[in-house]
Amino acid sequence: MNRRELFSSLASPFEKEEMNQESIVVRPPYYKDERDFLLLCISCEDKMCQSACEENIIIIQEDGTPKLDFTNSGCTYCNDCAKACKPNVLKKKYKQNINVTFSIDPLKCLSWNQTMCFSCKDPCLDDAIKFVGIFKPEIKTDLCTSCGYCVKVCPTNAISFIMNEDSEEKENESEKETEEET
């Protein structure tokens, strides 16, 4: 094995992780049932939820449904996307925290590697990022609202997220119901 092959094989797990991060579908925080996205959003021609988002984090996927993209900014929970949603998939009464859990990878994080960095802590409006000592930031899940503001500002892409289990179960149930109907 030459050096290039060695480094490529070492880097491949990180590439897969980033690809998986992009494939996670994070919905705006104003819905009750995942099935509504698949049934109602695809027929919406205006896509007003996207244009109503001042943070520009709502993107419309190929299937016509909205997805949050934290690489642009974070969610302010301003209700604007819910107000603009004409098919009424997004409603203010269903407002909830975004169904993801954020974490910091100590191997990628500058602070965990003895370089002073507070990039993630500064934009956190909920004060959910606490430093143990000077160099070890941790996201306190009980304080985090999953707004995503910390993702864009991290210079090393050390902050990632996973779907919460209850959200995955909700999606799986909706997919099963949709399959049974067809």
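Go through (1) more than 19 Å from Leu125 (Cα to Cα); (2) touching a residue at least 12 places away in the same chain (Cβ under 8 Å); (3) charged (D, E, K, R) and name the single condition Glu55 misses.
Condition (1) is where Glu55 drops out.
If we keep just the residues of region 50-65 that are of a type in the set (Gly, Ala, Ser) and outside any loop (DSSP other than H, G, I, E, B), which is surrounded by the most Cβ atoms within 10 Å (Cβ to Cβ)?
The qualifying residue surrounded by the most Cβ atoms within 10 Å (Cβ to Cβ) is Ala52.
Among the residues of region 68-85, write down those that are in a loop (DSSP other than H, G, I, E, B) and free of Cβ contacts under 8 Å to residues at least 60 places away in the same chain.
The answer is Asp69, Cys78, Asn79, Cys85.
I'd like the residue in region 125-153 that is over 18 Å from the mean Cα position of the chain (by Cα) and among the β-branched types (Val, Ile, Thr) and, out of all such residues, is surrounded by the most Cβ atoms within 10 Å (Cβ to Cβ). Walk me through how you get there before you give the answer.
Taking region 125-153 and keeping what is over 18 Å from the mean Cα position of the chain (by Cα), we get 127, 130-137.
From what's left, among the β-branched types (Val, Ile, Thr): 132, 134.
Working: Val132: 8, Ile134: 10.
Across region 125-153, the extreme among qualifying residues is Ile134.
What do you reckon, is Asp122 on the phi > 0 side of the Ramachandran plot, part of a loop (DSSP other than H, G, I, E, B) and not assigned by TED's automatic domain parsing to the domain that holds Asp33?
no
What number of residues within region 66-89 are surrounded by 22 or more Cβ atoms within 10 Å (Cβ to Cβ) and either within 17 Å of the chain's Cα centre (by Cα) or among the β-branched types (Val, Ile, Thr) (or both)? I'd like the intermediate steps shown before the answer.
First, pick out the residues of region 66-89 that are surrounded by 22 or more Cβ atoms within 10 Å (Cβ to Cβ): 66, 68, 70, 74-75, 81-82, 85, 89.
Those still in the list that are either within 17 Å of the chain's Cα centre (by Cα) or among the β-branched types (Val, Ile, Thr) (or both) too: 66, 68, 70, 74-75, 81, 89.
Final tally of qualifying residues: 7.
The values are calculated or read from the model by the stated rules, or taken from the named source; none is laboratory data. Source: prediction; values computed, not measured. Because the Cβ atoms are built from the backbone with ideal geometry, glycine has one as well, and the counts that use them run over all protein chains shown.
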